[in-house]
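Everything below concerns the one structure shown next.
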Amino acid sequence: MDADAIVVGAGLAGLVATAELAAAKKRVILLEQEPEASLGGQAFWSFGGLFMVDTPEQRRLGVRDSRDLALRDWLAYAGFDRDEDAWPRKWAEAYVDFAAGEMRSWLHRLGMRWFPLVQWAERAGNTVPRFHITWGTGPGVIAPFVRSLRRFEASGAVSVRHRHRVTSLIVTTGTVDGVGGEILAPSSAARGEKSAREVIGELRLRAPAVVVTSGGIGADHDLVRRYWPERLGTPPAKMLSGVPDHVDGRMLEVARSAGARFINADRMWNYPEGVENYAPIWSRHGIRILPGPTPLWLDGRGGRLPAPIFPGFDALAALEYIARSGHDHSWFVMDSKVFGRELALSGSEQNPDLTGKSVLGVVRRAMPRAVKPVERFGERGRDFVFAPNIRELAAKMNGLAGADEIDAAALEREIAALDEQAASSAPSDAQLAAIREARRYLSDRLIRVARPHRMLDPKAGPLVAVRLWILTRKTLGGLETDLEGRALGGDGRPIPGLFAAGEVAGFGGGGVHGYRSLEGTFLGGCIFSGRVAGRAAASLAA
């Protein structure tokens, strides 16, 4: 044997699994097809949000949360309804136990810290705020595990091998005990950039435990369309990618070839609020807008999305409505006050204040104008248009879309009707009522939700419209695993020697989120499932 365990994929789940194996005094080989610059995978690019329950941060804000409440929210939102949801449901219960138990204290001991204002993402699923933004965003999430990796690497316990692509699992009398593949030529590609695939050698390594942590399918739009469920309408002809090109799902098929079972392939988490990155790093690079509740959400023809599909409430319901609308895009319409206060961009590179741990930068978020990255997208992004009045705004929207489908008069009537209720303490419009309810939460009132006002007030101008695309992001289905992270075969029994964690395992069990994901559970799912699989693989290697 070349090692006690082989970990395939150096994203967050792979880093956590490797750290757990090395801490158990096992010799580990960590394989990654991308250059060293991409260590940490997709987690590096993230906003750093973690779903945690009943934390000091919540309690300081007066948020009352509990394990039972969180589990009720999770199960209601997930909608588990299949025979193959048996293990995913068990994983959901285990994750909530972790999130309400030792998760925060364990990560705190590793050096992780969080922004004190807990965010309320995906309000349709969470009855209380649970989205804890890590101080340092995505880089801050991976940092403790990168430090562990470097320490174990220096001691000789871990060998990290970049540009090693696994294309097969070695199976000996029913047991996975190694990997085969290719050694790729060195690459100077920067983090997230597409790297070359020139093969310069052969890869063959043996170990009694193989842990697959290779990610999902989000960059392969053909695969996304192949698995796109009928219940979500027609997959768009144009989509943006929220993940780098190497997130192609290849290891799912490799594991299936070794007998592993891939379940819930039709469940995925794609966002309806994507905009094109004006400075792309990977192909079709899109950035997700994290909206407050105030923008008016219109379909491609200018029709208002029905209640309760408001910005920031239920991403999957919005995606389904848009996919069935006959257009690949939709629109946010707002004034500049709302643009400055309520529009944020997801990702570490779009939030330099939080990523760089700048207290002064974060304080500026409470000021009226937009944070700098949002301003730059407004100035340079091709999906943003500004105008002094509705007639000119509609004309620019139509010009951008290449079709005269936004009726200026109808749009003006819609906005004028909302403006009539803007000052009301008890508006009849459901969205305006939701905005007032959101402002009851301190964090939203301070930095997230604008004070209600008339959109057509000249002091709030100019008007802003943002064209939105479907943005591919996460695979919710994956390799079916038991509560030890062992990959299961078609007969429901563990495949000896094979483990899976992170997105390739549907973040645990083959679909821990069910149909819908509560925000903050992707990074949290990588951490939890990577820890579980790493510890179980260490026990097997022993």
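The values are calculated or read from the model by the stated rules, or taken from the named source; none is laboratory data. Because the structure is predicted, anything quoted here is derived from the model rather than measured. Cβ coordinates were reconstructed from backbone atoms using ideal geometry, including for glycine residues, and neighbour counts include every protein chain displayed. Ligands, DNA and RNA are excluded from the accessible area calculation, which covers all protein heavy atoms including side chains. Shrake-Rupley method; radii C 1.70, N 1.55, O 1.52, S 1.80 Å.
Close Lys pairs in the chain (alpha-carbon distance under 23 Å; sequence gap of 8 or more, or different chains): 11.
If the chain linking Lys25 and Ala423 were pulled fully straight, counting 0.36 nm for each residue of separation and taking away their Cα-Cα distance, it would gain 136.9 nm.
Rounded to the nearest 20 debye, the dipole size of segment 276-433 about its Cα centre is 680 debye, using +1 on the Cβ of Lys and Arg and -1 on the Cβ of Asp and Glu. Extension gain, Thr234 to Ala37: 0.36 nm times the residue separation minus the Cα-Cα distance gives 67.2 nm. Only Cα pairs under 8 Å and 6+ residues apart enter the sum, and on that basis the relative contact order of the chain stands at 24 percent. At 7 Å along Cα-to-Cβ for each site, give me the label-to-label distance between Met367 and Ala86 in nm. It works out to 5.9 nm between the two label points.
Accessible surface area normalised per residue over segment 262-365 is 30 Å², counting heavy atoms of protein chains with a 1.4 Å rolling probe.
With the highest mean first, a sort of the peptides 19-30, 521-532 on other beta-carbon atoms found within 10 angstrom per residue produces 521-532, 19-30. Close amide H contacts of Leu30 (hydrogens built in the peptide plane, cut-off under 5 Å, sequence separation of 5 or more or a different chain): Val7, Ser159, Val160, Arg161.
3J(HN,Hα) along segment 207-218, derived from phi through the Karplus expression 6.51 cos²θ - 1.76 cosθ + 1.60 where θ = phi - 60°, amounts to 6, x, 9, 10, 10, 8, 9, 9, x, x, 10, x Hz, with x in place of Gly and Pro.
Amide H contacts of Trp114: Trp135, each under 5 Å away and 5 or more positions distant or on a separate chain (H built 1.01 Å from N in the peptide plane; Pro and chain starts excluded). Calculated [222 nm] ellipticity per residue, helices only, for the chain: -9500 deg cm²/dmol; basis is -39500 (n - 2.57) per DSSP H run with n ≥ 4, divided by all residues, nearest 500.
Of all beta bridges DSSP finds with both residues in the chain, what is the antiparallel percent, to the nearest 5? Write down the numbers at each step before the final one.
Details: 52 of 71 bridges.
Of the beta bridges lying entirely in the chain, close to 75 percent run antiparallel.
The string of couplings for segment 324-331 from the Karplus curve (6.51, -1.76, 1.60, θ = phi - 60°) is 8, 7, x, 10, 8, 10, 9, 9 Hz, one whole number per residue in order, with x for Gly and Pro. The fraction of accessible area contributed by carbon and sulfur in the chain is 50 percent, rounded to a whole number (1.4 Å probe; ligands and nucleic acids excluded). For Phe131, nonlocal amide neighbours, meaning residues 5 or more places apart or on other chains whose placed amide H falls under 5 Å from its own, are Gln119, Ala121.
Give me the percent relative contact order of segment 158-200, please, defined on Cα pairs under 8 angstrom at least 6 residues apart. Don't skip to the end; give the middle numbers.
Details: 53 pairs, mean separation 13.4, N = 43.
Normalised by residue count, the contact order of segment 158-200 is 31 percent.
Couplings for segment 70-80, taken from phi via the Karplus curve 6.51 cos²θ - 1.76 cosθ + 1.60 with θ = phi - 60°, read 4, 5, 4, 4, 4, 5, 5, 6, 5, x, 3 Hz in order; Gly and Pro are left as x.
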